[in-house]
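Engineer: Before I ask anything, here is the structure I am working with.
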Amino acid sequence: SQSSRMQCACSDSIYASMTTRAAAAALLLLTVARALTPLSTHHLAAEHVKNVQRHESDLADSATRWGAPIPVTGDDDASWRAVAAPRTVLSAPSVMPRAVAKRIKREADARFASQQSMSRFSMTEDLRDCHADELPRTKSWLRAFVASQRFAGALRVPEASNATSLAIYDALVVKYAPDLARDRAASGQPVHRDFSTLTLNIALSDADDFIGGGTRFEGPGDVTLTPVSAGDAVAHAGRTRHAGAATTEGERYVLVCFLASTAPDHARLALARAMDLRRAGKYA
C-alpha cells in the first residue's frame, strides 16, 4: 500500500542518515587516533636521516663561504647578562670597537650601492641587506670574534650551551630606514624564527641615530631591546620568536650572525626543512 511504501522510504532515509553520521564519526575517530598515535620508529628514522642530510649540506655551504667550523670552548665572559626574562636572551656592551662598526657600515653601503633591489634575504622588502661573506673586512672580523673569549659568554643561551664548535650558517648586514619601506614610514621585520642554533646581533649604529628599532621578543610581556651604542650585542636561540621593531626615523644598521652547532641540532633542522617545504608550496 501507499502507506507501507511511505514507511519504507522513511526508514530508508533514516537508515541512510544514520549511516552517513556513523561514517563521519568513524572518520573523525580515525583522524584523532592518527593524530595521537606516536610516529613509527621507521618514520622517525627517516626524519632523522633527512635532518642529517640537511645538516651536512649546511656545513658544506658554511665551509665554502666561511671556512672551517670555529672551536668555541674557553672561559666564560661575565659581561654577557641575561635580559628579556622569561626568555634566555643575553646582551653585552661594546663587543665591537666603534671604529670597526663604522668601517663595516661603509663596506656595506658600498655593496648596497651596487644592488638593484632592496631586501634580498630577510623576511620583508622594507630594508636593505647583504651577505657579510661578500664584505672581506667584515668577514675577517666576524670569524675572529666568534673564535674569541669575548664571544664565549653568549654560549650561556641553553640551546648553544653544549656546543664545542660552531659554523657560521649565514651572516647579514641589515639597514633599516623608513625611506626604504613600501609605506615610506616604518622599516622593520615581522615576527619570525631563525634557522640557527644561536643568533648574534651586533649594533652598528648608536641609539641616537634613529627612532624606534631594536629587537622585539614575543611572549609574556613583550620585550624590545635597543642597544645604546654601536658595538653592543644581543644573543638568543634562533628558535626564539622575535621581530625587528619598526625604525620610523633615521637609519639603523645591524650585523646579524646565524650560528649552527656542528653537532646536528634537530630542532633547527626541522624548522629549516619546514620552511623549505613552505617555500616550495607543499603546505601553507
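Engineer: Tell me whether the stretch 195-206 contains one or more residues that are in contact with a helix residue (DSSP H, G or I) (Cβ under 6 Å, 6 or more places away or on another chain), assigned to a loop (DSSP other than H, G, I, E, B), under 20 Å from Ala167 (Cβ atoms) and open to solvent by 30 Å² or more (accessible area, probe 1.4 Å).
Structural biologist: yes
Engineer: Considering only residues that are at pLDDT 95 or above and closer than 23 Å to Ile168 by Cβ, which ones fall in the stretch 239-259?
Structural biologist: Arg252, Tyr253, Val254, Leu255, Val256, Cys257, Phe258, Leu259
Engineer: Quick check on this structure: which one of Tyr169, Tyr176 is under 23 Å from Ala207 (Cα atoms) and modelled with pLDDT of 90 or more?
Structural biologist: Just one listed residue meets the conditions, Tyr176.
Engineer: I'd like to check something: does the stretch 171-190 contain any residue that is open to solvent by 10 Å² or more (accessible area, probe 1.4 Å), closer than 16 Å to Ala82 by Cα, part of a helix (DSSP H, G or I) and not hydrophobic (A, V, I, L, M, F, W, C)?
Structural biologist: No, because not a single residue in the stretch 171-190 is open to solvent by 10 Å² or more (accessible area, probe 1.4 Å), closer than 16 Å to Ala82 by Cα, part of a helix (DSSP H, G or I) and not hydrophobic (A, V, I, L, M, F, W, C).
Engineer: In addition: Hey, among the residues in the stretch 61-83 that are modelled with pLDDT under 90 and exposed (fewer than 12 other Cβ atoms within 10 Å of the Cβ), which one's farthest from Phe145 (Cα to Cα)?
Structural biologist: The selected residue is Ala78.
Engineer: Additional query: Take the stretch 137-170 and flag every residue that is assigned to a helix (DSSP H, G or I) and in contact with a helix residue (DSSP H, G or I) (Cβ under 8 Å, 6 or more places away or on another chain).
Structural biologist: Once the filter is applied, which keeps residues that are assigned to a helix (DSSP H, G or I) and in contact with a helix residue (DSSP H, G or I) (Cβ under 8 Å, 6 or more places away or on another chain), the stretch 137-170 yields Arg137, Thr138, Lys139, Trp141, Leu142, Arg143, Phe145, Phe151, Ala154, Glu159, Ala160.
Engineer: Can I ask one more? Restricting attention to the stretch 85-140, and to residues there that are of a type in the set (Asp, Glu) and under 26 Å from Ala181 (Cβ atoms), which single residue is modelled with the lowest pLDDT?
Structural biologist: Glu125
Engineer: In the stretch 235-280, which residues are of a type in the set (S, T, N, Q), buried (at least 20 other Cβ atoms within 10 Å of the Cβ) and either out of contact with any strand residue (DSSP E or B) (no Cβ under 8 Å at 6 or more places or on another chain) or over 25 Å from Ala63 (Cβ atoms) (or both)?
Structural biologist: Thr247
Engineer: So, in the stretch 42-60, exactly how many residues are open to solvent by less than 70 Å² (accessible area, probe 1.4 Å), of a type outside the set (Ser, Thr, Tyr) and under 20 Å from Phe195 (Cβ atoms)?
Structural biologist: Within the stretch 42-60, residues that are open to solvent by less than 70 Å² (accessible area, probe 1.4 Å), of a type outside the set (Ser, Thr, Tyr) and under 20 Å from Phe195 (Cβ atoms) number 8.
Engineer: Does Thr215 satisfy being among the polar types (S, T, N, Q), touching a Ser or Thr at 6+ places or on another chain (Cβ under 6 Å) and over 18 Å from Lys102 (Cβ atoms)?
Structural biologist: On the way: among the polar types (S, T, N, Q): yes; touching a Ser or Thr at 6+ places or on another chain (Cβ under 6 Å): no; over 18 Å from Lys102 (Cβ atoms): yes.
The answer is no for Thr215.
The values are calculated or read from the model by the stated rules, or taken from the named source; none is laboratory data. Bear in mind the structure is a predicted one, so any value in this text is a computation, not a measurement. Backbone-built Cβ (ideal geometry, glycine too); neighbour counts: all protein chains shown. Remember, those area values only see protein heavy atoms, side chains included, never the ligands or the DNA or RNA. Shrake-Rupley method; radii C 1.70, N 1.55, O 1.52, S 1.80 Å.
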